[in-house]
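All remarks here apply to the structure that follows.
The values are calculated or read from the model by the stated rules, or taken from the named source; none is laboratory data. In this text, all values refer to a predicted model and were calculated from it rather than measured experimentally. With ideal geometry, Cβ positions are generated from the backbone for all residues, glycine too; neighbour counts draw on all protein chains shown.
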Amino acid sequence: MARFDGKVAIVTGAGQGLGRAYAEALAAEGASVVIAEINEGSAKDVAEAITLSSGETGAGGAALAVRTDVTDPDSCTDMVRAAVDRFGTVDILVNNAAIYDGLHMEAFEDFDIAEWDRVMAVNVKGTWLATRAVSPVMKEKAYGKIVNVSSTVAYIGPPLLLHYVASKGAVVAMTRALAKELGDYGIRVTGLAPGMTFTDATKNLLPDPIMGDMFMEMQCLKEKLQPEHVVPALLFLCSSESDFVVGQNWVVDGGMALQ
Ligand SMILES: NC(=O)c1ccc[n+]([C@@H]2O[C@H](COP(=O)([O-])OP(=O)(O)OC[C@H]3O[C@@H](n4cnc5c(N)ncnc54)[C@H](O)[C@@H]3O)[C@@H](O)[C@H]2O)c1
């Protein structure tokens, strides 16, 4: 029996990058997965790829693409309703959606105010709204796993990315507070803080390979972090094996931020 057989997971922002890797890994271990993504085309592509791979291996779970904007409360409600209608419940929520791809490094004085607001709306408010939408289903079953994706930047505080750094710091703090509010209901909230992972979004942020190497030099392990290095920690935090790991933010960054 696979680790997530019979479990239903929602992964927000799963149309590309790390979110896609999380969704595929959960499905490969038996979960039925909702690809909750603002980009409908990429959501469908990921759902199709998972369905195909499950068919080929005969072991994976099902996938459903649901166009979701995590900044919109109604869209978050629809996301949960679609999951329950199709799969019967929700056991796992991975709050992964964020504004990251397309960001540029700039001095703090120069950020566009609309971009600041957008980063906060998706990365912070979106985490709250998706959690709020899913919590009634989890409360009813007195069990659930919610993993909020922050970042190692919340601990390091790198320069020139203030809105993003601030948003991920907020996710770390929210994880602690939500874990306390939801613990009474058996809902386990944890955080995952990946390091500089070489997704397309990171390559767009750091197009100069020398800059990428420079950041990597800050790690204990001089190896480029890839999604497959982060996925095992995410799976652990989603599984019952971590049921007594609550309110913690796990840093998976090859030893960049040492706490
Ligand atoms: N790649 C890294 O180095 C790294 C490091 C630490 C943390 N993270 C975090 O991991 C997560 C994924 O990283 P990534 O590199 O795959 O980033 P990414 O920008 O490629 O992926 C983010 C996804 O979220 C989706 N999204 C954006 N706004 C949305 C909205 N309003 N509603 C629903 N979906 C929305 C995007 O369409 C995209 O598919 C993000 O939370 C990011 O901040 C990434």
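Within the stretch 249-259, the set of residues being buried (at least 17 other Cβ atoms within 10 Å of the Cβ) and part of a loop (DSSP other than H, G, I, E, B) comprises ASP253, GLY254, MET256, ALA257.
Quick check on the stretch 80-89. Is at least one of its residues within 13 Å of the ligand (Cβ to nearest atom), touching a residue at least 24 places away in the same chain (Cβ under 8 Å) and aromatic (Phe, Trp, Tyr)? Looking for residues that are within 13 Å of the ligand (Cβ to nearest atom), touching a residue at least 24 places away in the same chain (Cβ under 8 Å) and aromatic (Phe, Trp, Tyr), one finds none in the stretch 80-89, hence no.
State all residues of the stretch 53-63 that are in a loop (DSSP other than H, G, I, E, B) and closer than 13 Å to ALA83 by Cβ; if no residue qualifies, say none. Passing the criteria: GLY61, ALA62. Every residue in the stretch 134-158 that is in contact with a helix residue (DSSP H, G or I) (Cβ under 8 Å, 6 or more places away or on another chain) and assigned to a loop (DSSP other than H, G, I, E, B), please. Passing the criteria: SER150, SER151, GLY157, PRO158.
Looking only at the stretch 133-178, residues that are within 13 Å of VAL90 (Cα to Cα) and more than 14 Å from the chain's Cα centre (by Cα) come to 12 in all. Inspect all residues belonging to the stretch 40-52 and state whether any of them is in a loop (DSSP other than H, G, I, E, B) and in contact (Cβ under 8 Å) with a residue 24 or more places away in the chain. No, every residue in the stretch 40-52 fails to be in a loop (DSSP other than H, G, I, E, B) and in contact (Cβ under 8 Å) with a residue 24 or more places away in the chain. Selection over the stretch 233-246 of residues that are under 18 Å from the mean Cα position of the chain (by Cα) and either loosely packed, with under 11 Cβ neighbours inside 10 Å or hydrophobic (A, V, I, L, M, F, W, C) (or both) gives a count of 8.
Applying the condition of being in a loop (DSSP other than H, G, I, E, B) and either at pLDDT below 95 or not aliphatic (A, V, I, L, M) (or both) to the stretch 64-79 and asking which residue is farthest from the ligand (Cβ to nearest atom) yields ASP72. Scanning the stretch 1-20 for residues that are under 13 Å from VAL231 (Cβ atoms) and surrounded by fewer than 22 Cβ atoms within 10 Å (Cβ to Cβ) yields a count of 2.
Just so you know, in the stretch 207-231 the residues that are more than 9 Å from the ligand (Cβ to nearest atom) and of a type in the set (A, V, I, L, M) include one that is farthest from ARG132 (Cα to Cα), and it is ILE210. Each residue in the stretch 1-31 was checked for being charged (D, E, K, R) and more than 15 Å from the ligand (Cβ to nearest atom), and 4 of them qualify.
Of everything in the stretch 8-19, what is in contact (Cβ under 8 Å) with a residue 40 or more places away in the chain and outside any strand (DSSP E or B)? Give them in sequence order. Passing the criteria: GLY13, ALA14, GLN16, GLY17, LEU18, GLY19. Is it fair to say GLY61 is modelled with pLDDT under 95, under 20 Å from THR12 (Cβ atoms) and surrounded by 20 or more Cβ atoms within 10 Å (Cβ to Cβ)? Yes; evaluated as a whole, the condition is true for this residue. The condition of being within 23 Å of ASN249 (Cβ to Cβ), within 15 Å of the ligand (Cβ to nearest atom) and not in a helix (DSSP H, G or I) holds for only one of VAL94, VAL34, that being VAL94. When the test is whether a residue is within 12 Å of the ligand (Cβ to nearest atom) and more than 16 Å from the chain's Cα centre (by Cα), LYS203 passes it.
Of the residues making up the stretch 97-115, just one is buried (at least 17 other Cβ atoms within 10 Å of the Cβ), more than 8 Å from the ligand (Cβ to nearest atom) and either of a type outside the set (Phe, Trp, Tyr) or assigned to a helix (DSSP H, G or I) (or both), namely LEU103.
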